[in-house]
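Worksheet: the structure to be examined is printed underneath.
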Amino acid sequence: MSGLFSGTSLERPVTCERCNKPLADCRCTPATKESPPQVPPKDQPARVRRERRRGKVVTVVGGLDPGSTDLSALLKGFKARHGAGGTVLADGFELQGDHREAVIEALRAMGYPAKAAGG
């Protein structure tokens, strides 16, 4: 197996990212070598709240797993459905305007246990 700087005096074997052993000696399970396990929607408790920013109301959805959920595609669907702008956050997304009830209903239809948060 070729490694980094193959054919030179600096040649090093390719190593596992988790245990730093050469791939031939690595005993990590295949699930840990690849991406983390996918979390189904029923195990991602989405919390939908309203926030006021610069005098405007925005709908913020949090509690979603970014590794298991395609947040940008989910946001794109909501933006098209509600005719509003928005952005992706670390654990969810933000949608311009007060769409809390409609977003909760849509998330529940997709299988997420969504709840209203805040006032």
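The values are calculated or read from the model by the stated rules, or taken from the named source; none is laboratory data. None of these values were measured; they are calculated from a predicted model. Note: accessible area is taken over every heavy atom of the protein model, side chains too, but ligands, DNA and RNA are not part of it. Shrake-Rupley method; radii C 1.70, N 1.55, O 1.52, S 1.80 Å.
A simple rule links phi to the HN-Hα coupling: the Karplus curve 6.51 cos²θ - 1.76 cosθ + 1.60 with θ = phi - 60°, which for region 20-28 gives 6, 8, x, 4, 5, 9, 5, 10, 5 Hz, with x for Gly and Pro.
Close amide-amide hydrogen proximity is noted between Val57 and Gly97, each under 5 Å apart and 5 or more residues distant or on a separate chain (H modeled in the peptide plane; Pro and chain starts excluded). Annotation: amide H-H contacts under 5 Å for Gly86 (H modelled 1.01 Å from N, sequence separation of 5 or more, or interchain): Gln96. Scanning residues 5 or more positions from Ser68 or on other chains, those with amide H under 5 Å from its amide H are Val39, with H placed 1.01 Å from N in the peptide plane. Taking every protein chain into account, the accessible area of region 60-119 amounts to 49 square angstrom per residue (probe 1.4 Å).
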